[in-house]
Amino acid sequence: MTPFTYHRPRSLADAASALAGATDGRFVAGGQSLLGAIKLGLAAPSDLVDLGAIAELRGISRSASALRIGAGTSHASVAASADVRAAIPALAQLADGIGDRAVRTRGTLGGSLANNDPAACYPAGVLGLGATVVTSKRSIAADDFFRGLYETALAPGEIITAVEFPIPEKAAWVKFKQPASRFSLVGVFVSKGASGVRVAVTGAGAGVMRVAALEQALTARWSPDACKAVKVSPDGLSSDLHASAEYRAHLIGVLAARAVSAAG
């Protein structure tokens, strides 16, 4: 591991200032992805700016139509929240299935989204619910936030502060996990709400994505059978030692049907 300077600011302004003064600085939240990358020599930041002491980044609140979850809120806190379980049970289930207990205790919502691992669970929940990512500078719709493999719309120095999730009529999450890493080999989040039907998939390609063919079929008929009638193309999907693109395409349809059945 290469040497770095460690900062632990107490405010967003101090965090931004610390990063601006660094040669090659990185924000760190739970550190579940970044610290591993540093140990492997895949990242070598000059400075680490720890967001963990900024109280305003944590917490969960509910209004009549939305849940607001602070970016620094841990996966375990989301999974255990009575508000999340009552408003969007599928989101609590998603958080409860991330990694293992240690990862859920340390990992955060904002850290997962900023990292945007192509097989991470939270991007599917955010895109599948049509959530809004709130940052230190602006609000970004989920459809505009995810840009591809480990890429997001975040500008240098921009910090995710919260995510606002609209409360859907129905929603469900189904994950086919890779048993060793517990990342999604394929994960599907479906929802039906004021903005219509959304189907978001993680683990299948270079990043989280919506599947228009499934959304159209479910808009016409909200039923598992509607998913089974859709043949998802393997074009652009990932092939690796765990699964071929064709297998992942098949899984998308199967898991979407299961998710619709679970949503009711």
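Annotations
- Stretching the chain fully between Asp83 and Arg221 yields a gain of 46.7 nm (0.36 nm per residue, less the alpha carbon separation).
- Cα-based radius of gyration for segment 166-260, normalised by 2.2 N^0.38 Å, reads 1.03.
- Two-decimal log10 I(q)/I(0) for segment 57-263, as the Debye equation yields it once each C-alpha is a single scatterer, q = 0.09 Å⁻¹: -0.30
- Anisotropy class of segment 5-50 from Cα gyration tensor, a/c 1.5 cut: oblate
- Projected label distance in nm at Ser11 and Lys231, using a 7 Å step from Cα toward the beta-carbon: 6.1
- Protection-proxy order for peptides 119-129, 158-168, each taking the mean of Cβ atoms within 10 Å per residue, highest first: 119-129, 158-168
- Distance between segment 59-86 and segment 219-248 - C-alpha centres, whole angstrom: 31
- When +1 charges are put on Lys and Arg Cβ atoms and -1 charges on Asp and Glu Cβ atoms, the dipole computed for segment 137-183 relative to its Cα centre reaches about 280 debye.
- C-alpha center-to-center spacing [segment 131-149, segment 159-201] in angstrom: 15
- Dipole magnitude for the chain: computed about the Cα centre from +1 point charges on Lys and Arg Cβ and -1 point charges on Asp and Glu Cβ, it is near 600 debye.
- Rg/Rh ratio calculated on Cα atoms of segment 58-129 (Kirkwood radius): 0.93
- The Rg/Rh ratio for segment 93-163 is 0.95, where Rg is the radius of gyration of the alpha carbons and Rh is the Kirkwood radius.
- Principal axis dimensions, largest first and in whole angstrom, of segment 1-143 by Cα: 45, 30, 26
- Taking a straight Cα-Cα cut-off under 30 Å and skipping sequence neighbours fewer than 8 places away in the same chain, the lysines within cross-link reach of Lys192 are Lys137, Lys170, Lys175, Lys177, Lys228, Lys231.
- Debye intensity ratio in log₁₀ form over the Cα atoms of segment 11-94, taken at each q of 0.14, 0.25 Å⁻¹: -0.62, -1.12
- Dipole magnitude of segment 73-189 about its Cα centre (Cβ charges: Lys, Arg +1; Asp, Glu -1), debye to nearest 20: 320
- Charge dipole (segment 5-50, unit charges on Cβ, about Cα centre) - positive-most of Ala15, Leu48, Gly30: Gly30
- Taking label points 7 Å from Cα along the Cα-to-Cβ direction, Ala141 and Leu42 give a separation of 3.2 nm.
We did not get these values from a lab; they are worked out from the coordinates using the rules stated. Model, not experiment: these values are computed from the prediction. When we count neighbours, we look across all protein chains shown, and the Cβ atoms used for this are built from the backbone with ideal geometry, even at glycine.
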